[in-house]
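Just below is one structure, and these are the notes that go with it.
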Amino acid sequence: MDKQGIIARLLALPAEIARAEIIVIESSQAVLEAKAALQEREAELLTSPANPIDGKNETIRSAQLRSFTTEQREWLTAREYDQVRARATLSALHTEMSALRSIADLLREAN
């Protein structure tokens, strides 16, 4: 990357970082919504008149609850993965910005 490429990238990075921050916020919200959906489904199962959760002990009841909330748990896991990826992307952009600033400083000192 030449000087012009470094300058162009340094000028573009703030907007990319801003977009990445929005994605992190949105992914965090999606995780919260997925957790709420899981809790809501668990509450429905536990308070339902049919009450399919009828295990004799806590271990069995937990296993039954997990089996009835597979879809919600998978959704939550996917949203958590999205959140991790979004944070990693944001971190990579910050690292790139820092590295390019260091290179720009070195180039400035060399001239």
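Remarks
- Residues of the stretch 55-84 that turn out to be under 29 Å from Glu26 (Cβ atoms) and either in contact with a strand residue (DSSP E or B) (Cβ under 8 Å, 6 or more places away or on another chain) or not in a helix (DSSP H, G or I) (or both), as a count: 1
- Of the residues in the stretch 101-111, none is crowded, with 16+ Cβ neighbours inside 10 Å, modelled with pLDDT of 95 or more and not β-branched (Val, Ile, Thr).
- Across the stretch 1-20, the number of residues qualifying as open to solvent by 80 Å² or more (accessible area, probe 1.4 Å) and under 21 Å from Leu90 (Cβ atoms) comes to 2.
- Every residue from the stretch 37-58 that is of a type outside the set (D, E, K, R) and under 23 Å from Glu80 (Cβ atoms): Ala37, Leu38, Gln39, Ala43, Leu45
The values are calculated or read from the model by the stated rules, or taken from the named source; none is laboratory data. Keep in mind it's a predicted model, so treat the numbers as computed, not measured. Cβ coordinates were reconstructed from backbone atoms using ideal geometry, including for glycine residues, and neighbour counts include every protein chain displayed. Surface areas here come from the heavy atoms of the whole protein model, side chains and all, with no ligands, DNA or RNA. Shrake-Rupley method; radii C 1.70, N 1.55, O 1.52, S 1.80 Å.
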